[in-house]
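Here is the structure we will look at.
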Amino acid sequence: MTINADGSPQVAVVWVGLEGDEIVSGHLRMQQKIRNVQRDPRVVLSMETGVRNPMGLDEYVIVRGTARIVEGGAPELLQRLAHVYLGPDVKFPPMDDPPPGYVLHITPESVGGVGPWS
């Protein structure tokens, strides 16, 4: 989630990965989330883990942090993430000569949710 200019939340589903201590996501175009981060770097990620704990609750993690934008590198990151999210033989993005795009680098500041991290 990022924050729109009017203060409302902007939410979208994105693939994420890790680079060092940062969470990263790739974006081929100047999307709303990129414009929002240019104006206000505060972000929130909410992720399901696919694990149900012994109490019967589905585990999830909520990460609050700040993001920075790096121009370029989106196709390479998206290809790496496609192997995780879609499978080892996938070509993504499915186009010749994709634009360099943007990579969001998120520095976590707090972690919560339901799971061993809470």
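FYI, it's all coordinate maths here, none of it is from the lab. Quantities reported herein were computed from a predicted structural model and do not represent experimental measurements. Methodologically, a virtual Cβ is constructed for each residue, glycine included, from the backbone with ideal geometry; neighbour enumeration extends over all protein chains shown.
Among the residues of segment 64-105, the one identified as exposed (fewer than 12 other Cβ atoms within 10 Å of the Cβ) and in a strand (DSSP E or B) is E71. Counting the residues of segment 35-58 that are of a type outside the set (D, E) and in a strand (DSSP E or B) gives 10. Just one of the listed residues (E22, E48) is within 18 Å of L77 (Cα to Cα) and of a type in the set (D, E, K, R), and it is E22.
Yes/no matrix, rows are residues, columns are (1) part of a helix (DSSP H, G or I); (2) surrounded by 14 or more Cβ atoms within 10 Å (Cβ to Cβ); (3) on the phi > 0 side of the Ramachandran plot; (4) of a type outside the set (D, E):
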| position | (1), (2), (3), (4) |
| --- | --- |
| V13 | no, no, no, yes |
| I23 | no, yes, no, yes |
| G26 | no, yes, no, yes |
| K33 | yes, yes, no, yes |
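Among the residues making up segment 106-118, a single one is part of a loop (DSSP other than H, G, I, E, B) and touching a residue at least 60 places away in the same chain (Cβ under 8 Å): G115. If the condition is being buried (at least 16 other Cβ atoms within 10 Å of the Cβ) and among the charged types (D, E, K, R), then segment 40-63 contributes only E59.
The numbered conditions (1) free of Cβ contacts under 8 Å to residues at least 60 places away in the same chain; (2) under 13 Å from the mean Cα position of the chain (by Cα) are all true for P94 except (2).
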